[in-house]
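The values are calculated or read from the model by the stated rules, or taken from the named source; none is laboratory data. Treat the numbers as computed from the prediction; the structure is a model and nothing was measured. With ideal geometry, Cβ positions are generated from the backbone for all residues, glycine too; neighbour counts draw on all protein chains shown.
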């Protein structure tokens, strides 16, 4: 069974990009940038290896939250049904039922476990995402994964068909233009491998149920901007949001005192891969800049256009820092002890706070006197 004529285009992220394809399949036109913004996805996370509950070879650093599916469902009044079942056989029986109903299924997976089965000749990116796909997509990710002793999860693929007789699964990968075919048994293994994995997928899967009518997109956009910036600035957790960035700025020059040298080197390399290969540049700041630019046109709000430019500049600041870290990963002392690094990361932290505060201040002006702002009624 396979969903035929499933639309697929290249995208920056495995979550918002795949959701965009799903929306188009259901007959709705959304851009990846708009869906990312509506999912309240922009954030930051920073945890040293010893601070996580995971087995991990590097400091966990990300520019995004991983509850985008649920947040987007809330913004657009959709229902996202997510499962972490205990019986692997029942998982796939249910997945088959969903596919028979014409429902694409989002699967949490360990990408490295089926990477070699993906098409090696990636195609150039679309005009919307010019830097996402490259001819060395598979080899690039293979180099990254080869640095790790512990496999890493957090990737999401979209399943649109299976053929049990031929042992084939049809999946959508955001960085590759064609629908991919991988062995079904290999995909099942990647969904729940019997090994230690950073962010183990545990057979987690999910499916969207769309409403008969979406809420007012202008109000949903305003709500999402307010909620995202408020959460980013006022989280009580030191590992998230602006707290995490300011903590990173203080700790990065002292990483060799906080982590073994090998973990420091891997972290410096991983920051580059996560920023450049998994988030479209600058820990998703570039993607969020695109959302704000689109929101500016939607809402007729010139100030959003200016803040969009600020986020674009911020993404370039992150990208330059991460390139320097990657170049110095084999000799971390030379980079981490430099005055330039301290200046760069502190300037980034200051800009992160300034821009988010400007955006929240603007969102609060929308909120004043608007009873529909939060409820979207």
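A few comments on the model shown:
- Residues of region 272-288 that turn out to be part of a helix (DSSP H, G or I) and closer than 18 Å to residue 241 by Cβ, as a count: 5
- Criterion violated by residue 24 - all others in (1) at pLDDT 95 or above; (2) surrounded by 19 or more Cβ atoms within 10 Å (Cβ to Cβ); (3) outside any strand (DSSP E or B) satisfied: (2)
- Within region 249-276, the set of residues being more than 18 Å from residue 327 (Cα to Cα), within 25 Å of the chain's Cα centre (by Cα) and buried (at least 18 other Cβ atoms within 10 Å of the Cβ) comprises just one member, 249.
- Leading residue by the ranking (surrounded by the most Cβ atoms within 10 Å (Cβ to Cβ)) among those in region 110-139 that are at pLDDT 80 or above and part of a loop (DSSP other than H, G, I, E, B): 110
- Total residues in region 333-346, condition free of Cβ contacts under 8 Å to residues at least 24 places away in the same chain and in a helix (DSSP H, G or I): 4
- Condition met for residue 84 (at pLDDT 95 or above and within 24 Å of residue 159 (Cβ to Cβ)): no
- Criterion applied to 375, 334 was being surrounded by fewer than 17 Cβ atoms within 10 Å (Cβ to Cβ), under 27 Å from the mean Cα position of the chain (by Cα) and at pLDDT below 95, and the one residue passing it is 375.
To keep it simple, each residue is scored yes or no on (1) closer than 29 Å to residue 33 by Cβ; (2) assigned by TED's automatic domain parsing to the domain that holds residue 170; (3) touching a residue at least 60 places away in the same chain (Cβ under 8 Å).
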{"site": "64", "(1), (2), (3)": "yes, no, yes"}
{"site": "76", "(1), (2), (3)": "yes, no, yes"}
{"site": "87", "(1), (2), (3)": "no, yes, no"}
{"site": "97", "(1), (2), (3)": "no, yes, no"}
{"site": "100", "(1), (2), (3)": "no, yes, yes"}
{"site": "106", "(1), (2), (3)": "yes, yes, yes"}
{"site": "110", "(1), (2), (3)": "yes, yes, yes"}
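- Any hit, region 352-367, residues being under 20 Å from the mean Cα position of the chain (by Cα), closer than 19 Å to residue 220 by Cα, crowded, with 18+ Cβ neighbours inside 10 Å and at pLDDT 95 or above: yes
- Some residue of region 347-366 being farther than 30 Å from residue 75 by Cα and assigned to a helix (DSSP H, G or I): yes
Results for (1) assigned to a loop (DSSP other than H, G, I, E, B); (2) crowded, with 22+ Cβ neighbours inside 10 Å; (3) within 17 Å of the chain's Cα centre (by Cα), shown as yes or no for each residue.
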position: 28; (1), (2), (3): yes, no, no
position: 34; (1), (2), (3): no, yes, yes
position: 50; (1), (2), (3): no, no, no
position: 71; (1), (2), (3): no, no, yes
position: 102; (1), (2), (3): yes, no, no
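- Those helices (runs of 4 or more DSSP H) lying entirely in region 140-255 with at least 2 residues over 25 Å from residue 63 (Cβ atoms) and modelled with pLDDT of 95 or more: 184-191, 217-234
- Residue 226 touching a helix residue (DSSP H, G or I) at 6+ places or on another chain (Cβ under 7 Å), in the same structural domain as residue 366 (by TED's automatic domain parsing) and buried (at least 20 other Cβ atoms within 10 Å of the Cβ): yes
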